[in-house]
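Written out below as structure tokens is the structure these notes cover.
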Amino acid sequence: MAPVRLSSADVAAVEHALQARGCELGTPLASEGGMSHLWLIRHRALDEQRVLKVMSPEMLAHREGLLYFEREQRTASQLGQRHPNIVRPLDFGIIANRLGYAVLPYFERGSLARLGGPPRRAGGQRALCRILGGVADALDFLATGSTPRVFVHRDVKPANVLVAELPDASQPTGILADFGLTRAVDDRATTGSGPFLSPAYAAPELWRGEEVLPATDVYAFAITVLECFAGGNPFGDLRGQAAWRAAHLGAEPAIRPPRDRRLQPLAELAHRSLRERPGQRPTAAAWRDALRTAAEAFDREERR
């Protein structure tokens, strides 16, 4: 679902607001969601590229939409201050009383949705283990009460995993992005995501409108891992919410044994992570440890 196009007046208002903040509007970026527009922008004084995210006006047409947007940005800011693998907004606000915007760090490599197929060489597989391991660590941070509250992201998927090349790290890492559906577990609204769920990654409890727990993120993360390493969703290439709902509520995921034995524990963990009952799934910490172990196995064999 593509976002509604912004009018020329809206774009002019965005450009004016950016100029007041010392930034220049650059080229549009492809948006992998249906609720926002993305641009590459440049901060003039710092000569630094950033990303501007502008919510579609219809999302903020009511007061509830404005509160929703502000809550998303504040939540991401607070969590991003406390964990390096969570994207942190650099600025956010409302333009012309109708356009919500957020300024985000720019990651040149983009998201895992741009991976272009599973890596065939050991070096690429090791890097992918490091990237996904960083995201698993972020999910564990959200899930274990390392924050004052326990959070559920509710929209884990390759498009929401950004690949970062950190100056103090020899390997890339993954950054968890887009906290628009994130809720605290003690929030009474923490049930199914309604029309805003991502069908290919949505756990059974989301479809049923039941309570959402950290295990909901583990389910989506397992599908993300399988897509990255195997090149496809374990439930198939389906079309339409009805088909995805039926698959997640009743179909058996097709998880092929990996050719590389170092990835076998990940396949076994994915089987358990896609169980229908949330209480039977492993934790994000188990994924973090398994991905770290796999990456270290690649490291050891490379040194031989």
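Within the set Arg208, Arg275, the sole residue that is touching a Gly at 6+ places or on another chain (Cβ under 8 Å), over 27 Å from Pro172 (Cβ atoms) and of a type in the set (D, E, K, R) turns out to be Arg208. On inspection, Val212 qualifies as in contact (Cβ under 8 Å) with a residue 60 or more places away in the chain, in a loop (DSSP other than H, G, I, E, B), under 17 Å from Thr283 (Cα atoms) and in the same structural domain as Pro158 (by TED's automatic domain parsing). Of all the numbered requirements in (1) surrounded by 16 or more Cβ atoms within 10 Å (Cβ to Cβ); (2) more than 18 Å from Ile94 (Cβ to Cβ); (3) at pLDDT below 90, Arg42 misses one, and that requirement is (3).
Return a yes/no flag: does segment 67-86 have any residue that is aromatic (Phe, Trp, Tyr) and modelled with pLDDT of 90 or more. Among the residues of segment 67-86, not one is aromatic (Phe, Trp, Tyr) and modelled with pLDDT of 90 or more, which makes the answer no. Counted as qualifying within segment 11-107 are the strands (runs of 3 or more DSSP E) with 1 or more residues that are among the polar types (S, T, N, Q), namely 23-29, 36-43, 48-55. Given the structure, is Glu72 farther than 20 Å from Pro172 by Cα and either within 21 Å of the chain's Cα centre (by Cα) or not acidic (Asp, Glu) (or both)? Considered against the rule, which asks whether it is farther than 20 Å from Pro172 by Cα and either within 21 Å of the chain's Cα centre (by Cα) or not acidic (Asp, Glu) (or both), Glu72 comes out as yes.
I need the full set of residues from segment 149-158 which are surrounded by fewer than 22 Cβ atoms within 10 Å (Cβ to Cβ) and touching a Lys or Arg at 6+ places or on another chain (Cβ under 9 Å), in order please. Don't jump to the end; show me each part of the working.
So in segment 149-158, the residues surrounded by fewer than 22 Cβ atoms within 10 Å (Cβ to Cβ) come out as 149-150, 158.
Pro158 - this is the single residue of segment 149-158 that is surrounded by fewer than 22 Cβ atoms within 10 Å (Cβ to Cβ) and touching a Lys or Arg at 6+ places or on another chain (Cβ under 9 Å).
Given the structure, is Arg245 crowded, with 18+ Cβ neighbours inside 10 Å, modelled with pLDDT of 95 or more and touching a Pro at 6+ places or on another chain (Cβ under 9 Å)?
Details: crowded, with 18+ Cβ neighbours inside 10 Å: yes; modelled with pLDDT of 95 or more: yes; touching a Pro at 6+ places or on another chain (Cβ under 9 Å): yes.
Answer is yes for this residue.
From the set of residues in segment 257-304 that are without any contact (Cβ under 8 Å) to a residue 12 or more places away in the chain and farther than 27 Å from Phe151 by Cα, which is surrounded by the fewest Cβ atoms within 10 Å (Cβ to Cβ)?
If we filter segment 257-304 for residues that are without any contact (Cβ under 8 Å) to a residue 12 or more places away in the chain, which is where we start, we get 257, 259, 261, 264, 268, 272, 275, 277, 280, 289, 296, 300, 303-304.
Pick out the ones that are also farther than 27 Å from Phe151 by Cα and you get 257, 259, 261, 264, 296, 300, 303-304.
Numbers: Pro257: 9, Arg259: 8, Arg261: 9, Gln264: 13, Glu296: 13, Arg300: 10, Arg303: 6, Arg304: 4.
If we take residues in segment 257-304 being without any contact (Cβ under 8 Å) to a residue 12 or more places away in the chain and farther than 27 Å from Phe151 by Cα, then Arg304 is surrounded by the fewest Cβ atoms within 10 Å (Cβ to Cβ).
Determine if segment 147-159 includes at least one residue that is of a type in the set (A, V, I, L, M), within 21 Å of Arg262 (Cα to Cα) and modelled with pLDDT under 95. Within segment 147-159 (the criterion being of a type in the set (A, V, I, L, M), within 21 Å of Arg262 (Cα to Cα) and modelled with pLDDT under 95), the answer is no, since none of the residues qualifies.
The values are calculated or read from the model by the stated rules, or taken from the named source; none is laboratory data. All values derive from a computational prediction rather than experimental measurement. Cβ sites come from the backbone with ideal geometry, for glycine too, and all protein chains shown count toward neighbours.
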